[in-house]
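Here the structure comes first, spelled out in structure tokens, and everything after it is commentary.
Just so you know, all these numbers are worked out from the coordinates, no wet-lab data involved. Worth saying up front: this structure is predicted, and the values here are computed from it rather than measured. Using ideal geometry, Cβ is built from the backbone for each residue, glycine included, and neighbour counts are taken over all protein chains shown.
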Amino acid sequence: MRSIVLVLLALCLLVPAAFAVTISGTVVDLSTGNPVANASVWVKTINSAATTDSDGTFTIVFVPNGRFEISVSHVGYWSETFTLSTEQKTNFRLEIRPKMYRSEGVTLSIDRVQRESATVPFTNVSAEELSERYYGQDLPVALEGLPSMTTTTDAGSGLGYSYLNMRGFDFKRISVLLNGVMLNDPEDFYVYWVDLADFGANVGDVQVQRGAGSALLGLPSAGGTIDVQTQTYSDKPAISAEYGLGSYNTQRGSVHLASGPIQDRYFMDARFSRITSDGYRDQSWSDYFSYYLSAARVDENMTTRLVLFGGPIKNHMAYYGVSREQLAQDREQNPLTYEDETDNYYQPHYQLHNTWDIADNLRLQNTLYYIRGEGFFNVSYPSWWGYGWDSWGLEDPGVAIGDMVARQHVENHQGGWQPRLTWKLNDHTLDIGGQYISHRSRHYGELIWGAVLPDGTEPNHVWCDYEGRKRIISGYVQDRWKVTPRLYLNGA
């Protein structure tokens with residue numbers, strides 16, 4: 001009797017084995033080909049699962065011989081189900097699609113140069129490379145040392161008003177794009193980096209193009225283009241805090257929070273920073289608060305991202321130069337000695353980016369943005385500068401004019417829309433797009449103090465008041481033709 005039981009037990013074990021196999025495989029990222037670790041692999045028919053190792057490999061035993069379905073899931077990737085068969089092989093390569101687009105897939109980057117088809121010299125700076133350069137200074141200072149680039153700062157500490165030259169051209173002739181949005185002021189073409197305190201901590205990568213004619217968005221640039229993309233999303237929740245102390249009593253504190261995926265679809269990111277510094281020059285201190293907020297929804301064929309950043313800034317101005325002889329006596333001197341000769345400004349940015357993959361070879365991108373700037377700066381006017389009473393809109397009281405202090409107010413409103421359609425057909429990549437920019441500003445000055453003022457002068461006498469308006473409408477059509485693997489033709 002015992003022999004019969006043993007025989008039956010052996011048959012029960014051998015029969016399933018004859019109709020089952022052991023399968024193995026590797027789970028990889030479809031876009032990069034890199035292995036995906038810690039992915040869940042599940043064969044539903046036998047309710048058996050495995051988790052991929054660090055090299056993306058897995059093994060599952062007792063899988064029914066023949067056709068079967070296997071599912072793969074991982075945070076940040078679309079869950080995939082594959083129908084496979086063991087009739088010809090038992091080792092499989094499973095490719096899963098990432099949910100998170102890279103930053104250039106979410107924001108407009110028509111001006112990005114590709115290495116294989118570059119028509120201008122360029123340099124790419126990754127987030128890792130930038131982190132080695134960055135310690136809280138203005139972004140141009142962090143990029144100093146790249147080919148053909150030089151920077152200067154008013155305060156001498158890397159904070160405050162910073163200026164960038166490229167190939168001998170000043171910053172008014174360099175186009176700057178931030179997530180595809182023009183950063184140059186439409187009125188004077190300046191880029192006021194001072195309003196982007198601690199922004200280097202939020203940068204995903206930067207491409208610096210040297211040469212004219214490479215930018216299709218923004219303003220025409222003779223010197224080149226700087227294309228800045230902010231960071232993408234974190235695939236796991238995170239919180240971090242930093243504090244740094246440096247020369248000239250410079251202090252930087254920062255808190256960063258990342259939600260990771262919420263319901264496998266939503267992502268949020270936030271950073272809050274405070275930077276203070278006494279500056280290298282006398283009375284060139286800075287006091288900045290900044291925030292960066294990003295929220296995104298990632299669907300299978302569409303990504304929508306909202307980006308908000310800004311923060312109030314205040315610093316004592318140090319734009320006035322000194323002679324070589326004065327430098328020899330005191331390199332730190334600042335002729336602007338009035339205690340409240342300060343710049344006070346707040347310029348929040350609002351960006352909404354949408355990317356829709358209509359088909360495998362057709363993508364539509366849209367960006368809407370709004371920039372609101374408001375603030376003032378105080379300027380002292382010594383009597384020896386030679387201003388007359390008529391310069392202040394005042395009647396001559398018959399006495400010599402004295403020192404004056406004016407407050408210059410600036411209000412800016414700028415909004416825009418940037419659509420782009422990309423169509424890939426065989427060896428051609430066709431881009432059709434454009435931009436609409438509406439800019440409105442008001443500038444007015446108040447006389448807030450005077451050593452001598454005519455009788456009847458009203459408090460905060462307005463001595464100048466004017467408005468500016470500008471609209472920019474442009475479009476482009478660009479075709480990139482891959483003639484051979486090493487020959488590309490670009491036409492725009």
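If I take R0 = 60 Å and measure r between the Cβ atoms of Glu332 and Ile472 in this structure, what FRET efficiency does the formula 1/(1 + (r/R0)^6) give, to the nearest 0.05?
0.90
The GluC sites (Glu not before Pro) of region 291-383 that DSSP puts in a loop, and whose beta carbon has at most 15 other beta carbons within 10 Å, are Glu300, Glu332, Glu339. Legend: calculated FRET efficiency, Asp390 to Tyr370, from the Cβ-Cβ distance at R0 = 35 Å, rounded to 0.05, equals 0.35. Compute the Cα gyration tensor for region 176-293, then decide on rounded, prolate or oblate, letting a ≥ b ≥ c be the square roots of its eigenvalues: rounded whenever a/c is under 1.5, prolate when a/b is larger than b/c in the other cases, and oblate in all that remain. Cα axes put region 176-293 in the oblate bin. Its relative contact order, with pairs defined as Cα atoms under 8 Å and 6+ residues apart, puts region 344-436 at 31 percent.
Between Tyr319 and Val399, what's the calculated FRET efficiency when r is the beta-carbon distance and R0 is 51 Å? Round to 0.05. Computed FRET efficiency for Tyr319 and Val399 comes out at 0.95. With the simple spin-label model, which puts each label point 7 Å out from Cα in the Cβ direction, the Ser48 to Val21 separation comes to 1.3 nm. Note on Val61 and Ser247: the extension gain reaches 60.7 nm, defined as 0.36 nm multiplied by sequence separation minus the Cα-Cα distance. Please figure out what share of the DSSP beta bridges in the chain is antiparallel and state it in percent, rounded to the nearest 5. Percentage antiparallel, nearest 5: 95. Computed from Cα positions, the angle between helix 2-18 and the longest principal axis of the chain comes to roughly 50 degrees. One chain, two ends: Arg440 and Gln263. Fully extended at 0.36 nm per residue, the span grows by 59.6 nm beyond their Cα-Cα distance.
Taking a point 7 Å out from the Cα of Leu425 in the direction of its Cβ, the residues of region 468-492 whose backbone N falls within less than 14 Å of it are 478-482. Between Leu146 and Ser85, the modelled label-to-label distance comes to 5.3 nm, taking each label 7 Å out from Cα in the direction of the beta carbon.
The order of Asp455, Asp198, Asp235, going from fewest to most other C-beta atoms within 10 Å of their C-beta, is Asp455, Asp235, Asp198.
Across the chain, the mean sequence separation of Cα contacts (distance under 8 Å, 6 or more residues apart), normalised by length, yields a relative contact order of 9 percent.
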